[in-house]
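Coordinate-derived values only; no laboratory data. Since we're looking at a predicted model, the values are computed, not measured. Virtual Cβ from ideal backbone geometry, glycine too; neighbours counted across all protein chains shown.
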Amino acid sequence: MMFTDTTRRPGFFCRLARALLKLALWLLAIAALAFAAGYGYYAWKFSGPVAAEEQVPPGEAAMTQDIIQTAIRIVDQHREPTRYLRDAHAKAHGCVTAQVSVPQNLAPDLRQGVFAEPGKTWQAWIRLSNGNAYPQFDQLQDARGMAIKLLDVPGKQLMADQAERHEQDFVMFNHPNFFVSDVAEYRQNIGAQADGKQALAFFPSLDPRSWQLRHLLIAKATLANAPLSPTLATYYSVSPYKFGSANVKFRVVPDPASCPAYTVAKQNEDLPNFLRTALHQQLTTDQQPACFMLQVQRQDPSKYMPIEDTSVQWKESDAPFQTVAAIRVGPQDFDTPAQNLMCDNLSFNPWHGIEAHRPIGGINRLRKAVYEAVSEYRHARNAGFGTAP
Ligand code: HEM
């Protein structure tokens, strides 16, 4: 006769496996709860309505002065032997001429400022750049910039001491949101970076409440691989602007349908300046134009579309982008020593413009003082080298 021992206890490994499984389930449940709590918190925190006007926090002007000193320090740190460069976007892929045209059928409510006259074509300069303060290899992860300067713009300029400019600038890069919210955070972040204390930039203290994990992720996403060519990227103003009485963010998107069919040839990405080469191949060697659309996204203050926080991307599901102009960069020989020097000596600034497109929000108020100070500083130093106009 055979007996089966039904009372036998499971072995050690079996019990261990069960305990580990239980632990894993608990951890999963805690992670799910934390995710739900985080999601709920951000859904609550990032919900409208928001202010439709600027709200200037106390102490902003003093912080701005401090940031100017840091910016100048960065310019000094990255200077070349015979040239002072920009504090940001130091390396240009080229400055090209362009035409910016307002469509004949532009909707009446979009006819604001430089877009007021349907059919109007503005002559413009466009400077394409890498974001870093140091002119590094294009292959390295970085933001990519597009700065547009419309010429011969009538009307009073926003900056009283720049009355003779007659320009309207749009200064953008290829990511929709910024890695800081406001001036206070910018001061702390850039200060840490300029001191070489990168770890402190997003984790300023041991207190977890001061950690800026979301902003670190934005910074990581902004520093991205290079596009095949600067003509294939989408560029965002990131910060808001007036658009008549409305508030908008700008965006420039490639518009290949408005140009003859052209495929950008893949360049040797090991070469330091392959983005310049791609631009040169399209516009100069192949004599092919590049087309873009300039668009606006209007603030709906009933949604979470804040003016004072550049880390928040305005959702397209809350407000779609609308095209207000076509940009055409025609075939041209832009890569000449004279034009490259002229390009380096240009100053783009969101505040070079007219009241209808006044920059708004803390980061834009900060940029007013900093761009002017850095531009003046590098021009004054370069005059000493005989390379400034
Ligand atoms: C909204 C976010 C921002 C965007 C989209 C942006 C974009 C750009 C671009 C594309 C350029 C190159 C312009 C050119 O080609 O000459 C530039 C330059 C510059 N940016 Fe920004 N930037 C932003 C925020 C800031 C902030 C917060 C600061 C510092 C307060 C800053 C400081 C500068 C400076 C000093 C220059 C060089 C100005 C010159 O020397 O002419 N930027 N930026």
## Note on the structure
Across Leu158, Leu366, Leu213, the residue with the highest GNM fluctuation in the chain (Cα network, 10 Å cutoff) is Leu213
#### Entry: Residue of His166, His352, His175 that the Gaussian network model of the chain assigns the largest fluctuation, springs spanning Cα pairs under 10 Å
His166
### Task
Determine the principal axes of the Cα atoms in the chain, then give the extent along each, sorted from largest to smallest and rounded to whole angstroms.
106, 48, 48
### Options Trp211, Val114, Ala261, ranked by Cα towards positive dipole end of the chain, top entry (Cβ charges)
Trp211
## Note on the structure
Output for region 123-165: trypsin sites (Lys or Arg not before Pro) sitting in coil per DSSP, at most 10 other Cβ within 10 Å, listed by number, reads Lys156
### Task
Take every Cα-Cα distance within region 101-190, group them into 5 Å bins from 0 onward, and report for each bin the whole-number percent of pairs it holds.
3, 11, 14, 15, 17, 17, 12, 8, 3, 0
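Taking the Cβ of each residue in Arg214, Arg18 as the centre, tally the other Cβ atoms inside 10 Å and list the residues starting with the fewest. Don't jump to the answer; show the numbers that get you there.
Working: Arg214 15, Arg18 11.
With the fewest neighbours first, Arg214, Arg18 line up as Arg18, Arg214.
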### region 313-320 - phi-based ³J(HN,Hα) in whole Hz, Karplus 6.51/-1.76/1.60, Gly and Pro as x
7, 6, 6, 5, 6, 8, 7, x
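What size of dipole, in debye to the nearest 20, comes out for region 51-385 about its Cα centre when the only charges are +1 on Lys and Arg C-beta atoms and -1 on Asp and Glu C-beta atoms?
Working: 32 positive and 35 negative charges, 29 e Å.
So the dipole magnitude of region 51-385 works out to roughly 140 debye.
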### Task
Using only Cα positions of region 1-129, each an equal point scatterer, no hydration layer, compute I(q)/I(0) via Debye at q = 0.14 Å⁻¹ and quote the log10 values to two decimals.
-1.08
### Query
So how much slack lies between Ala37 and Ser101, counting 0.36 nm per residue of separation and subtracting their Cα-Cα distance, in nm?
18.3 nm
### Message
If I build a Gaussian network model for the chain, linking alpha-carbon pairs within less than 10 angstrom, which residue out of Gln288, Gln104, Gln141 has the largest mean-square fluctuation?
### Response
Gln104
### Message
Under the 0.36 nm per residue contour assumption, what length would be gained going from the current alpha-carbon distance of Gln322 and Glu60 to full extension?
### Response
91.0 nm
### Message
Can you compute the helix-only [θ] at 222 nm over the chain? Use -39500 (n - 2.57) per DSSP H run of at least 4 residues, normalise by all residues, nearest 500 deg cm²/dmol.
### Response
-10000 deg cm²/dmol
## Note on the structure
Per the charge dipole of region 51-385 (beta-carbon charges, Lys/Arg positive, Asp/Glu negative, Cα centre), the residue among Ser302, Ala373, Phe385 reaching farthest to the positive end is Ser302
### Message
Can you compute the charge dipole magnitude of region 165-265 about its Cα centre, using +1 on each Lys and Arg Cβ and -1 on each Asp and Glu Cβ, nothing else charged? Give it in debye, rounded to the nearest 20.
### Response
140
### Task
Give the span of region 47-87's Cα atoms along each principal axis, as three whole-Å numbers ordered largest to smallest.
51, 21, 14
### Summary
Non-local residues with an amide H under 5 Å from the amide H of Asn174, with H modelled 1.01 Å from N and Pro and chain starts lacking one, are Arg144, Tyr236
### Query
What's the Kirkwood radius of region 62-110 in Å, using all Cα pairs?
14.7
